[in-house]
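Data block below; observations after.
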Amino acid sequence: MTEAGATGPAQRPEAQRGAPPMRPRQRRTAPIVPPQALAGNALVLVIAIMTFLSCLTLGAVTLVNDTAATWQTQISREATIQIKPAEGLDMEAALAGAAKIAGGFAGVRSTTVIDRAATARLLEPWLGTGLDIDELPVPRLVTITIDPAGPPDFAAMRQALTEQIPQASLDDHRNWVDRLVAMARTTVTIGAGVLALMLSATVLTVVFATRGAMAGSGHIIEVLHFVGAEARFIAAQFRRHFLVTGMKGAAAGGLAAAIIFLGFSWWSSRNLATPEGDQAAALFGNFAIGLSGYAGVLVIVLAVAVLTAATSHITVVSFLSDLDARQSDG
């Protein structure tokens, strides 16, 4: 018993010295930015709505601008001669003479006299079918197809027509083109203003969300900052958090806008032969924003995500700078 008791304690330290040391349990470090599940989901929803509206604005501006450009191109390729009926005027001879005069100018590709049947069809929406245009003083038209690269001298053409056919008037559609250009520019300006307001609202929302997140862990931020943590390190934590949040919301909003555009384009392609589809196509084209429009949606998504992260970074750095200033004053 004595020998066993003498050797037992001596052997225990040997076993303890040979055993691997016990590792201390590692505590999970809490993030500087609090999760704030409810507030975080609300911020994602707000960013998604702002991105969705911004993408819709961009798509509408792109659609109107492309449609106006198409109208401008189509109108600039044609001109119209209108001959008003008068007593003693041989209308058919006047139409043929006007077409001959216009066809003699350089830059005119062709001239077409709108015959009686075609004129009656143009008036059907207002006067109905079965119209005898000889019973009404209806003006007759001559359409001129011009070369857009080298248009004719409209002033000289107008003067020649007036001298030989006093009842004739030339419309080169310049007023319509100017109105379309002005409308397109106004639409782009309004769209840019609305887009700027949307992004400004997003920035303000992120500023309030960042300050709310900082208020939830203000004591932790102050302690970290006073023990030597640099402002850019703390700001990087917020920037990473809000970048992910902004990317989630922007991606959801951009995807919803893209689905809306695809849905309108599909509806337009399915209703090409209907009166509603023809009228919509005449006003807005085929509702397709094209690759440039979808590229713009992607740019807005990335811009909103980057703007969210940059706004949170600037807010945190500004807060820490104010904190340092207060401490130095104290």
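What the table shows:
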{"read-out": "Checking residue 179 against (1) farther than 25 Å from residue 250 by Cα; (2) in contact (Cβ under 8 Å) with a residue 24 or more places away in the chain; (3) of a type in the set (Lys, Arg), the condition it does not meet", "value": "(2)"}
{"read-out": "Number of positions in region 154-180 that are in a loop (DSSP other than H, G, I, E, B), acidic (Asp, Glu) and modelled with pLDDT of 90 or more", "value": "0"}
{"read-out": "Region 155-201: number of residues that are exposed (fewer than 15 other Cβ atoms within 10 Å of the Cβ) and among the β-branched types (Val, Ile, Thr)", "value": "5"}
{"read-out": "Which listed residue, of 280, 288, is modelled with pLDDT under 80, farther than 20 Å from residue 255 by Cα and among the hydrophobic types (A, V, I, L, M, F, W, C)", "value": "280"}
{"read-out": "Candidate set from region 92-141 (those that are of a type in the set (A, V, I, L, M, F, W, C) and touching a Lys or Arg at 6+ places or on another chain (Cβ under 7 Å)); member that is nearest to residue 76 (Cα to Cα)", "value": "114"}
{"read-out": "Region 49-66 - residue that is among the hydrophobic types (A, V, I, L, M, F, W, C) and closer than 11 Å to residue 201 by Cβ and, of those, surrounded by the most Cβ atoms within 10 Å (Cβ to Cβ)", "value": "50"}
{"read-out": "Filtered residues of region 88-138 (kept if surrounded by 14 or more Cβ atoms within 10 Å (Cβ to Cβ) and part of a strand (DSSP E or B))", "value": "108, 111, 113"}
{"read-out": "Set 79, 102: member being closer than 17 Å to residue 173 by Cα and in contact with a Phe, Trp or Tyr (Cβ under 8 Å, 6 or more places away or on another chain)", "value": "79"}
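The values are calculated or read from the model by the stated rules, or taken from the named source; none is laboratory data. Bear in mind that the values here come from a model prediction, so they are computed numbers and not experimental data. Neighbour counts run over all protein chains shown; Cβ positions are idealised from the backbone, glycine included.
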